[in-house]
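The values are calculated or read from the model by the stated rules, or taken from the named source; none is laboratory data. This structure is a prediction, so every number in the text was calculated from the model and none was measured. A quick note on method: Cβ atoms are made from the backbone with ideal geometry, for glycine too, and the neighbour counts reach across all protein chains shown. Protein only, heavy atoms only, side chains kept; ligands, DNA and RNA dropped before computing areas. Shrake-Rupley method; radii C 1.70, N 1.55, O 1.52, S 1.80 Å.
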Amino acid sequence: MGEETTVNTMIQIAPSILAADFTRLGEQVQQADAAGADLIHIDVMDGRFVPNITMGPLVVEAVRRVTDLPLDVHLMIIEPERYIDAFADAGATNITVHIEASPNLHRTLQLIRARGCRAGVAINPHTPASALGELMYMIDLINVMTVNPGFGGQTFITEMTSKIARLRAMSGDAKRFIDIEVDGGINEETAMTAAQAGANILIVGSALFNNSGTIAENMSVMRSILAEAQQ
Ligand code: DX5
Ligand code: ZN
């Protein structure tokens, strides 16, 4: 993938509310929505699969009330299959589980789809793309972790770029367009790298909510960078 590679797919931006000001969460979600966000990313952490504890179904349900955008729920929890119903009931659109936390991944994906949600699989930096090979026919989206899960504001692991490209090729081989998200360390510089490698959804936390500009300004900077890649 060279610098000059163009991106043919429409790139979507998913603000990650982990970086939002929780004292005004509703307002910030609405600002992101008004600024043209394509979906809202919600990071659920249990203090077991990852060292941090964040939000649960109650927050998903609250966000559901302030926006009509699809809700992209990223479960960084052990035994995620126990909570599919709760997050589906709360209004999740996409439910993503970690392959590393899912010994019976096929069954868990079936469960997610049976609840009318889109089934996502997240893969940690050490997990090879090939681990998803046999299930490409039933995965709706893949979240490629470009940091170690658990915290916002970390640095993009550049070595993950080739994994994104491999997964995009695997999606082609499976003759299905699978959404490929990148999660962690996406900013004005890394957005382009991820999009050129084949990601079509960029999850962005700190660079949208904790940057110098407003959410709308930060979003429009990111959009104009991506527009260059799409010319
Ligand atoms: C990390 C989370 C990410 C995080 C990204 O475990 O899955 O979604 O919010 O935040 P930034 O964009 O700040 O790296
Ligand atoms: Zn996430």
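Using a 1.4 angstrom probe and counting only protein chains, how large is the accessible area of residue 145 in Å², to 10?
10 Å²
So who's got an amide H within less than 5 Å of the one on residue 7, skipping anything under 5 residues away but keeping other chains? H placed 1.01 Å off N, in plane.
230, 231
Show 115, 168, 48 ordered by accessible area, largest first, where the area counts protein heavy atoms only and the probe is 1.4 Å. Please list the in-between numbers first.
Working: 115 90, 168 50, 48 170 Å².
Correct descending sequence by accessible area is 48, 115, 168.
Multiply the residue gap between residue 58 and residue 230 by 0.36 nm, knock off their C-alpha separation, and tell me the result in nm, one decimal place.
Value of the extension gain: 58.1 nm.
Once the Cα gyration tensor of the range 87-231 is diagonalised, what are the square roots of 5 times its eigenvalues, in whole Å and ordered largest first, as equivalent ellipsoid semi-axes?
Working: eigenvalues 134, 62, 43 Å².
Semi-axis lengths for the range 87-231 are 26, 18, 15 Å.
Heavy-atom accessible area of residue 21 with all protein chains present, probe 1.4 Å, nearest 10 Å²?
For residue 21, solvent-accessible area is about 60 Å².
Can you give me the accessible area per residue for the range 114-210, using a 1.4 Å probe, in Å²?
38 Å²
Contact order normalised by length for the chain, with contacts defined as Cα pairs under 8 Å and 6 or more residues apart; what percent is it?
Numbers: 455 pairs, mean separation 50.1, N = 231.
Answer for the chain is 22 percent.
By accessible area of protein heavy atoms, probe 1.4 Å, what ranking do 87, 49, 22 get, highest first?
Ranked from most to least accessible, the order is 22, 49, 87.
Any idea how far the Cα center of the range 61-108 sits from the one of the range 116-166, in Å?
Cα centres, the range 61-108 to the range 116-166: 16 Å.
Can you put 127, 155 in order of accessible area, largest first, using a 1.4 Å probe?
Order by accessible area, largest first: 155, 127.
At 4 °C and 1.567 mPa s, grab the translational diffusion coefficient of the range 128-209 from Stokes-Einstein with a Kirkwood Rh over Cα pairs, rounded to a whole number in µm² per second.
101 µm²/s
Over the heavy atoms of residue 188, what accessible area does a 1.4 Å probe trace out, to the nearest 10 Å²?
80 Å²
Kindly state, to the nearest 0.05, the FRET efficiency for residue 115 paired with residue 24, given R0 = 41 Å and r defined as their beta-carbon distance.
Result of the calculation: an efficiency of 0.85.
Using only DSSP helix segments of four residues or longer, with each worth -39500 (n - 2.57), what per-residue ellipticity at 222 nm results for the chain after dividing by its residue count and rounding to 500?
It lands at -9500 deg cm²/dmol.
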